[in-house]
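Report on one structure; see the data block that follows.
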Amino acid sequence: MQFLRENKSLNRVENIKLERHPLEVRQAIIDTYSKEGVESMNAVPGEVERLKWAGIYPQKQGGNAFMMRIKVPGGVLSAGQAQVIGRISADFAEGPEPNPVFGNNFLDITTRQDIQLHWIKMEDIPEIWRRLEEAGMTTVQACGDSARNVLSCPVSGLDHEEVVDAYPVAQAISDFFTGNREYANLPRKFKMSVTGCLEDCGQAEINDIGLLPARLEDGSIGFNLRVGGGLSDGPRMASDIDVSIRPEEAVELTRAIAQVFGELGDRDNRWTSRMRYLVQELGPEEFRHQLQQRASFELRHAGEDLTEHYRGDHVGVHEQNDGDYYVGLNVTVGRMSGADFVEAGRLAEEYGGDVRLATDQNLVVTGISAERLDEFLAEPLLERHSPNPGAFERGAVACTGNEFCRFAIVETKARAVEWARHMDENAGDVGQEAVRMHFSGCSASCAQPQIGDIGFRGETAKTEDAIVEGVDIGLGGSLGGDAAFIDWVEGAKPVDDVPGALTALVERFKEERREGERFHEWSRRIPNKELRGTIRSVGRNRGRG
C-alpha cells in the first residue's frame, strides 16, 4: 500500500522512497557496499538517505564513518544480548583518537532505549548484523520515516507501581512494524510508548502514540490512548481522543493509526510532516473519526486514567514485586565503554537477571536476590556507574552533540558531564534526588530539553572578542500530573558562563524554595524576568535575549 496524497508535490525524501523501497538498502549493504566500499553506495542516488531504514547514519566526519543504532524494544536486554552489544562496541566502535573524557570504543544509551555506536565502518556492518541477529536483535527501522523503537517502563513486570505488564505489548507492536514494508514508508518518524505503571515511565505525552494504564468501563485493565505528542520545533503534548483498548487490541490500534498518518500526513513539507501537526490540524474528534474508519474493531470510550505522576528515573536500589531487587546504575549522559557494558551483562548473568535501558539514558540490572545484594553493590562497575550519584549527574541527559552530529551547533556530552560534576561539587544538598538537566546541541530536541528542570539548546553567542559556542537556557519542564514544557528564559549564553549561572540559580532556589518544592516548581513560580536577571548576573552575554 502506498500512502500518498493525490495532487501534491512530494518533497525530496518522498521521491527517494518512491524510487526504491528504503528497506532494500539492507541487502545492498551486505551484497555490494560492504565489499566495494562507500564510493559504490554514494554512486546510487538517494542511497545515503535510505541507510536510515537499516539503522545507520553517516557521521559528520564523512567518508567511511557511520553511526549505528540498535533497537531494544521496551529497553529489555538479556544478559547475553548486553554482552554481545558491549563486545561489538569494543571490537568495532573505535575512532582515530580517544575522546578526552570518554576514551574510545564507547556506546551511547539513548532517550528511546536504543544503543548507538560510532565510528562503524561499512565493511564491518554485515558481521555486526550477524552477531546481533544471532542474539535476536536488529537495527532495522531504528531510524527513518517508520516506526521507531517502542518505549516501555524499564522495569515492566517487576515494579510494585504497575497494574499491567506493558512489555509484551510493546514487543508485539515492535514485531509487527519491524521489517513491515507496508508501514515502513510514513511521512516522518513514528514514535510509540506503552506503559503499564502508574508513573508514566514511557513518557506518553511526548510520543506520537502513548498508551497509558486505564480501568475500562467493565472494570478490566487496559490502556487509554494519547496521540500527537512530540518535541523539537513546535513541541506539543499528546491529545486525549477518548479511546481505550484491551492489551490484545494494541497492535491493530497502532497499525490503524499508522494508516491514518500514512494516508493523511503531510508529505510535502518535511518541517510539518510529523504526526502532531496532523492531530492539531484535524482535532481530536476528527482524528478519532478517521481512526475508526480504519480500525477493525469498534473504538470504545476512554476509561479511568490510572497514571498518578511522572517518575524521572529508576536509579538506586529497589525491591521487585517478586522479592528480588533491581539496581539502577547512573550512566551520566548515557555514555559508557563497551567493556563496561559487557560487564553489566556479565553481572546480570551472574546474579540471575537482565539489563534494562531507561529513557533517561541510565541502565538497570534486575533479579538480584536479597542475599547477594551487598555483594552486587560492591562490584567494581558500580564505582564507575553509581546507584547513588549526585543530583546533577543523576539528572544529566545529553544528545550526541557536534562530536558526531552534523546538525548540532555545540559539543554536549563532555560538557554536560563537566557541568553536572561542577554542580554536584559546588551546589551542596538541593533537597531532591535529581535535578534533570537536559542538553541538546540543536533545536531537534534529541535530549528532550523541554521536559527538564533545566534545558539547554545549542546556539552561537557573541562575546566582546568572538562568536563562541552558546546555549539557550530554559527552566521548569516536567511530565506527569503537572506536565508543562520549559520556558526559554535566556538566549545564547556563552558556554563558559553557564556553570556560574547555574550555581547562581541553584543557590537562589535553595534560599527561596518552599517546603517540599522541587526545582521545576520553584522556577515556574518565579517570574522569568527575575530568573533571567539571575542568569545574567554571571558573565557578560551579548547574545540575543
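The values are calculated or read from the model by the stated rules, or taken from the named source; none is laboratory data. What you see is a predicted model; the values in this text were computed from it and never measured. Cβ sites come from the backbone with ideal geometry, for glycine too, and all protein chains shown count toward neighbours.
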Original post:
Before we move on, is Glu379 farther than 19 Å from Asp313 by Cα and outside the structural domain of Arg518 (by TED's automatic domain parsing)?
Top reply: yes
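Could you run through the range 137-165 and say how many residues are more than 18 Å from the chain's Cα centre (by Cα), assigned to a loop (DSSP other than H, G, I, E, B) and on the phi < 0 side of the Ramachandran plot?
Pass one, the range 137-165, residues more than 18 Å from the chain's Cα centre (by Cα): 137, 157-165.
From what is left, the residues that are assigned to a loop (DSSP other than H, G, I, E, B) are 137, 157-161, 163-165.
Filter once more, keeping what is on the phi < 0 side of the Ramachandran plot: 137, 158-161, 163-165.
Result for the range 137-165: 8.
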Within the range 170-217, restricting to residues that are under 18 Å from the mean Cα position of the chain (by Cα), under 20 Å from Asp242 (Cβ atoms) and of a type in the set (Gly, Ala, Ser), the one that is modelled with the lowest pLDDT is Ala204
Among the residues of the range 535-542, are any small (Gly, Ala, Ser), more than 26 Å from the chain's Cα centre (by Cα) and assigned to a loop (DSSP other than H, G, I, E, B)? yes
If we keep only residues of the range 469-483 that are at pLDDT below 95 and of a type in the set (A, V, I, L, M), then the residue nearest to Tyr310 (Cα to Cα) is Leu479
Residue hits (the range 479-502; surrounded by fewer than 23 Cβ atoms within 10 Å (Cβ to Cβ) and more than 19 Å from Gly441 (Cβ to Cβ)) are Gly480, Gly481, Asp482, Ala483, Ala484, Asp487, Gly500
Checking Ala398, Ala427, Ala416 in turn, the sole residue that is closer than 21 Å to Asp313 by Cβ, modelled with pLDDT under 95, touching a helix residue (DSSP H, G or I) at 6+ places or on another chain (Cβ under 6 Å) and not assigned by TED's automatic domain parsing to the domain that holds Arg274 turns out to be Ala427
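Criterion first (part of a loop (DSSP other than H, G, I, E, B) and within 22 Å of Leu198 (Cα to Cα)) does Gly328 satisfy it?
Considered against the rule, which asks whether it is part of a loop (DSSP other than H, G, I, E, B) and within 22 Å of Leu198 (Cα to Cα), Gly328 comes out as no.
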Practice problem: Would you mind stating whether Ala348 is in contact (Cβ under 8 Å) with a residue 24 or more places away in the chain, surrounded by fewer than 17 Cβ atoms within 10 Å (Cβ to Cβ) and in contact with a helix residue (DSSP H, G or I) (Cβ under 7 Å, 6 or more places away or on another chain)? | Solution: no
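Among the residues in the range 29-43, are any among the polar types (S, T, N, Q), at pLDDT 95 or above, under 23 Å from the mean Cα position of the chain (by Cα) and surrounded by 17 or more Cβ atoms within 10 Å (Cβ to Cβ)? Working first, answer last.
The initial filter retains those residues of the range 29-43 that are among the polar types (S, T, N, Q), namely 32, 34, 40, 42.
From the residues that got through so far, the ones that are at pLDDT 95 or above too are 32, 34, 40, 42.
From what is left, the residues that are under 23 Å from the mean Cα position of the chain (by Cα) are none.
For the range 29-43, residues among the polar types (S, T, N, Q), at pLDDT 95 or above, under 23 Å from the mean Cα position of the chain (by Cα) and surrounded by 17 or more Cβ atoms within 10 Å (Cβ to Cβ): absent.
Residue-by-condition table, conditions (1) farther than 25 Å from Glu298 by Cβ; (2) touching a strand residue (DSSP E or B) at 6+ places or on another chain (Cβ under 6 Å):
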site	(1), (2)
Arg188	yes, no
Glu199	yes, no
Asp208	no, yes
Leu212	no, yes
Pro235	yes, no
Ala238	no, yes
Ala250	no, no
Arg255	no, no
Asp268	yes, no
Exactly one of Gly516, Gly543 is modelled with pLDDT under 95, farther than 20 Å from Gly312 by Cα and not acidic (Asp, Glu), and that residue is Gly543
Within the range 140-152, of all residues that are within 24 Å of Val364 (Cβ to Cβ) and either in contact with a Gly (Cβ under 6 Å, 6 or more places away or on another chain) or among the charged types (D, E, K, R) (or both), the one surrounded by the fewest Cβ atoms within 10 Å (Cβ to Cβ) is Arg148
Counting only residues in the range 271-320 that are at pLDDT 95 or above, among the aromatic types (Phe, Trp, Tyr) and touching a helix residue (DSSP H, G or I) at 6+ places or on another chain (Cβ under 8 Å), the one nearest to Ile209 (Cα to Cα) is identified as Phe287
Picking from Ala358, Ala370, Ala339, Ala295, the residue that is surrounded by fewer than 24 Cβ atoms within 10 Å (Cβ to Cβ) and closer than 28 Å to Pro187 by Cα would be Ala295
- Item | Any chance Asp340 is charged (D, E, K, R), in a helix (DSSP H, G or I) and not assigned by TED's automatic domain parsing to the domain that holds Asp208 | yes
_Yes/no for Ser273 being among the hydroxyl-bearing types (Ser, Thr, Tyr) and surrounded by fewer than 20 Cβ atoms within 10 Å (Cβ to Cβ)_ = no
In the set Ala65, Ala54, the lone residue that is surrounded by fewer than 20 Cβ atoms within 10 Å (Cβ to Cβ) and hydrophobic (A, V, I, L, M, F, W, C) is Ala65
Within the range 461-504, residues being part of a helix (DSSP H, G or I) and touching a residue at least 40 places away in the same chain (Cβ under 8 Å) number 9
Reported set for the range 175-194 where residues are of a type in the set (Gly, Ala, Ser) and surrounded by 24 or more Cβ atoms within 10 Å (Cβ to Cβ) is Ser193
